[in-house]
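The next block holds one structure in the form of structure tokens; read it before the comments.
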Amino acid sequence: MSSPAPFFASSPLSITSQRRTPKSRFTYKQLHQLKSYSPQTPLRVIAHVDLDAFYAQCETVRLNIDPSKPLAVQQWQGLIAINYPARAYGLSRHVTSTEALKACPELILQHVATWKEGDEKWAYHEEAFKHIATHKVSLDPYRMESRKILKCIKESLPEKEQRVEKASIDEVFMDLSAQVYTILLERYPELGGPPPYDDPSEYLPIVPTTVLDWKADALVETGEEDGEVKDPDWDDVCLVIASEIVRDVRAQVKEQLGYTCSGGIAKNKMIAKLGSGYKKPNQQTVIRNRAVKHFLGEMKFTKIRMLGGKLGDEAVAMFGTDKVRELLEQPLEQLKRLGDDTGSWLYNTIRGEDHSEVNPGTQIKSMLSAKSFRPAINSFDQGVRWLRIFVADIFSRCVEEGVLENKRRPKTINLHHRQGAQTKSRQSPIPQGKPLSEVVLFDLAKNLLAQIVVDGRAWPCANLSLSVGGFEDGITNNKGIGGFLVRGEEAKAMMSNNRSSISGSEPPAKRRRTKGNIKSFFGPPSKERKDFDAARAVLKAHQESTREEEDDNEEPDDEEFSAPPLEESKAKPMTPTTNRHESMDDSFGARTSPSAQLQIKAEPLPTQELRDHTPHPIKQQPYQLYQKKIDTFFCDKCNIHLPITDRSEHDDYHVALDLSREMRQEERNQPLPTSAVKKTPVAPKPSRGRGRPPGGGNGSGSGRAVEKGQAKLVFGRQS
Ligand code: CTP
Ligand code: CA
Ligand code: CA
């Protein structure tokens with residue numbers, strides 16, 4: 001970024017003497033673009049705020065512990081958050097609680113809250129770390145604090161001039177442009193007049209002061225000899241004002257809730273995020289435009305968001321460096337070896353360009369509750385007891401999302417079951433025409449587990465995870481055409497439940513309901529009889545209770561259910577502006593093996609086993625064929641048009657993708673003692689010849705969390 005020193009400029013109409021009037025580098029147009037949060041103006045001001053040692057602070061605040069005492073949050077034998085006094089002893093997330101106590105005997109260890117098997121509510125249990133077999137971690141207390149903090153931040157900003165995006169459980173982005181614009185015009189009324197010659201491309205007058213008061217903020221150096229002596233321009237003034245706002249917001253959070261946080265203030269999200277992690281705890285860093293080049297040059301590019309994962313690793317391997325400064329030497333053509341779009345994106349990113357917007361509208365899309373069992377569980381009853389906890393966990397979060405008021409509600413429920421490297425999943429729609437309750441969810445969940453059990457080989461089970469997804473704004477309980485259509489679709493999907501596995505394993509081949517399942521016909525071995533019968537009874541009861549609805553509605557038929565067009569979407573160039581880039585490869589069966597395709601063609605349709613192992617098949621019929629015949633919708637995630645009739649299934653596919661990331665997030669939160677197991681990729685059994693199991697077969701890797709915000713933990717930590 002070149003220095004914004006004043007220079008001489010004017011309208012072509014101006015006379016020579018006017019031409020020598022010093023001007024700002026910025027135009028009236030760029031100034032006015034602030035009002036509308038335009039990502040194009042170089043004056044834009046974005047802040048990122050991240051809570052210091054968040055879970056640890058939640059515990060010091062909750063327990064009213066002196067924050068200068070070393071404290072860590074424990075999960076089983078591992079540590080998941082360490083406060084700054086404890087970090088002074090060299091403690092990090094990688095040590096066990098025993099090792100931590102050795103290094104710092106006065107360390108306060110607080111275990112996370114847990115759900116105890118059979119309990120209706122999570123609690124802080126004594127010696128919870130001993131109960132990994134019967135308890136499940138709850139992050140609810142931290143989610144609740146997160147919500148309070150978000151509310152406090154929003155209340156600290158003017159109601160009509162705020163744009164706040166929750167970026168994870170402990171961070172937010174704020175676009176302060178509009179608020180800064182207002183303050184700027186109050187302080188410098190001369191900016192409020194019309195531009196000379198009414199020409200918005202005219203340059204602004206120079207800043208009337210040569211010294212700005214940055215208070216105690218950490219100012220990133222410009223790296224240029226005369227960087228600090230050059231007079232400020234309006235971009236610096238905007239950043240000073242933004243910095244005052246952030247200081248005030250942070251003070252409010254501290255005063256009202258007792259939490260310290262760190263802030264980054266810059267011209268875009270990427271740099272602001274790097275800024276908040278630059279000086280911690282309880283500080284804020286301003287990266288002036290004149291300092292961007294120097295700031296980024298010193299960085300490892302793997303710290304930049306989207307470059308923390310595979311893409312960053314790939315770039316490191318390709319160019320033999322992880323330093324921005326060295327990557328800057330690579331011409332665009334070289335960077336394009338990573339792909340045209342990716343290369344261009346990377347080229348701009350390391351030069352400090354990021355036009356992504358702060359998005360306040362992003363809401364929770366799915367919720368997940370999961371548990372890895374150590375030891376594995378072995379019966380339907382045991383599984384059902386865990387489902388009770390998952391449902392209570394998820395439902396309480398649904399209530400906070402406003403399901404009781406029908407503000408928002410989920411559309412689908414999914415159950416994933418893992419046995420070794422093999423994952424099975426079942427999905428069903430959530431009936432929309434009646435109020436959502438814990439009982440309704442529990443019944444659906446139990447039914448999904450029963451399906452898996454009846455299909456055989458469910459035990460021992462190493463992991464169960466239940467999720468709800470497809471959140472939509474609530475539909476009122478009307479009986480109009482919309483309601484009918486939803487119910488018809490639901491009924492159809494209900495009847496075809498066994499084939500609507502969200503694992504992406506649903507073959508599109510025709511299926512006759514009457515064919516049934518070969519395995520259920522013969523039945524499982526007698527030692528499993530009791531378990532099997534219990535599951536069958538649940539299925540039967542569920543079918544009875546839904547029969548009426550089904551009969552009222554569209555009768556399911558042999559209609560082909562098409563699969564999400566994974567190959568088509570994969571073929572699209574991916575811009576690394578979303579998580580897709582990393583997620584596609586290891587998502588639920590994103591590829592189809594030749595053997596899987598062979599199986600799909602076979603009629604009649606396969607047993608459950610095939611469904612469990614077959615990756616999502618490619619749509620056999622080219623899109624263009626049915627485009628002519630039927631209505632389509634546009635999936636902005638895949639960037640393609642699809643038949644409208646495929647919409648719900650396609651949405652489910654995205655839910656499944658989200659779920660795969662969430663599962664990994666959940667596993668990241670359960671660091672010990674099986675981390676070694678989880679980190680070892682388990683290849684799908686080739687002998688089955690049925691492609692990769694859903695979730696890529698290992699369930700490890702970086703992932704996205706349930707709440708939208710946690711998703712962005714993948715940006716990578718700055719510490
Ligand atoms: N977290 C986690 N597992 C991870 C990363 C984060 O459980 N792999 C949790 C941590 O417990 C943390 C919270 O998510 O408290 C926020 O993470 P982050 O901001 O990365 O770290 P902090 O603990 O808040 O520390 P810092 O002060 O460095 O931000
Ligand atoms: Ca943090
Ligand atoms: Ca964070």
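The values are calculated or read from the model by the stated rules, or taken from the named source; none is laboratory data. This one's a predicted model, so the numbers in the text were calculated from it and none came from an experiment. Every residue, glycine as well, gets a Cβ built from its backbone with ideal geometry; the counts of neighbours run over all protein chains shown.
Tabulated values for the structure
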| item | result |
| --- | --- |
| Inter-residue pairs, beta-carbon under 6 Å, first in contact (Cβ under 8 Å) with a residue 24 or more places away in the chain and within 15 Å of PRO141 (Cα to Cα) and in the range 53-70, second among the polar types (S, T, N, Q) and away from ligand 3 (no atom under 16 Å from the Cβ), 6+ apart | GLU59/GLN110 |
| Number of the exception - GLU221 against (1) within 16 Å of ligand 1 (Cβ to nearest atom); (2) touching a His at 6+ places or on another chain (Cβ under 9 Å) | (1) |
| Selected residue (only one of LEU184, LEU176 is away from ligand 2 (no atom under 16 Å from the Cβ) and crowded, with 23+ Cβ neighbours inside 10 Å) | LEU176 |
| Filter result for LYS148 (within 18 Å of GLU255 (Cβ to Cβ), away from ligand 2 (no atom under 14 Å from the Cβ) and assigned to a helix (DSSP H, G or I)) | yes |
| Some residue of the range 124-140 being within 25 Å of the chain's Cα centre (by Cα), within 16 Å of ligand 1 (Cβ to nearest atom), part of a helix (DSSP H, G or I) and farther than 25 Å from ALA370 by Cα | no |
| All positions within the range 417-438 that are touching a strand residue (DSSP E or B) at 6+ places or on another chain (Cβ under 6 Å) and not hydroxyl-bearing (Ser, Thr, Tyr) | HIS417, ARG418, GLN419, LYS424, ARG426, GLN427, PRO429, ILE430, LEU436 |
| Unmet criterion (only one of (1) away from ligand 3 (no atom under 16 Å from the Cβ); (2) crowded, with 20+ Cβ neighbours inside 10 Å; (3) in contact (Cβ under 8 Å) with a residue 60 or more places away in the chain; (4) not assigned by the TED database to the domain that holds VAL240) for THR96 | (2) |
| Residue in the range 358-366 that is at pLDDT 95 or above and in a strand (DSSP E or B) present | no |
| Flag for TYR89 being within 8 Å of ligand 1 (Cβ to nearest atom), more than 15 Å from TYR142 (Cβ to Cβ) and surrounded by fewer than 24 Cβ atoms within 10 Å (Cβ to Cβ) | no |
| Leading residue by the ranking (nearest to the chain's Cα centre (by Cα)) among those in the range 82-114 that are of a type in the set (Val, Ile, Thr) and in a loop (DSSP other than H, G, I, E, B) | VAL112 |
| Contacts under 6 angstrom Cβ, first residue in the range 145-171 being without any contact (Cβ under 8 Å) to a residue 12 or more places away in the chain, partner part of a strand (DSSP E or B), 6 or more apart | LYS154/VAL164 |
| Which numbered condition PHE26 misses (of (1) of a type outside the set (Asp, Glu); (2) outside any loop (DSSP other than H, G, I, E, B); (3) more than 22 Å from LEU150 (Cα to Cα); (4) within 16 Å of ligand 1 (Cβ to nearest atom)) | (4) |
| Matching residues, the range 40-58, being surrounded by fewer than 24 Cβ atoms within 10 Å (Cβ to Cβ) and away from ligand 3 (no atom under 16 Å from the Cβ) | GLN40, THR41, PRO42 |
| One residue from GLU106, GLU59, GLU117 being out of contact with any helix residue (DSSP H, G or I) (no Cβ under 7 Å at 6 or more places or on another chain) and more than 14 Å from ligand 1 (Cβ to nearest atom) | GLU106 |
| The one condition in (1) within 16 Å of ligand 1 (Cβ to nearest atom); (2) out of contact with any helix residue (DSSP H, G or I) (no Cβ under 8 Å at 6 or more places or on another chain); (3) closer than 20 Å to GLU165 by Cα that ASN268 fails to fulfil | (1) |
| Yes/no for GLN33 being more than 27 Å from the chain's Cα centre (by Cα), away from ligand 3 (no atom under 16 Å from the Cβ) and under 24 Å from LYS166 (Cα atoms) | yes |
| Residues within the range 196-221 that are touching a Phe, Trp or Tyr at 6+ places or on another chain (Cβ under 8 Å) and of a type in the set (Val, Ile, Thr), tallied | 2 |
| In the range 158-201, the residues that are touching a helix residue (DSSP H, G or I) at 6+ places or on another chain (Cβ under 7 Å) and in a loop (DSSP other than H, G, I, E, B) | PRO158, GLN162, ILE169, ASP170, LEU176, PRO195, PRO200, SER201 |
| Members of the range 388-415 found to be crowded, with 24+ Cβ neighbours inside 10 Å and closer than 16 Å to ALA535 by Cα, listed by number | LEU415 |
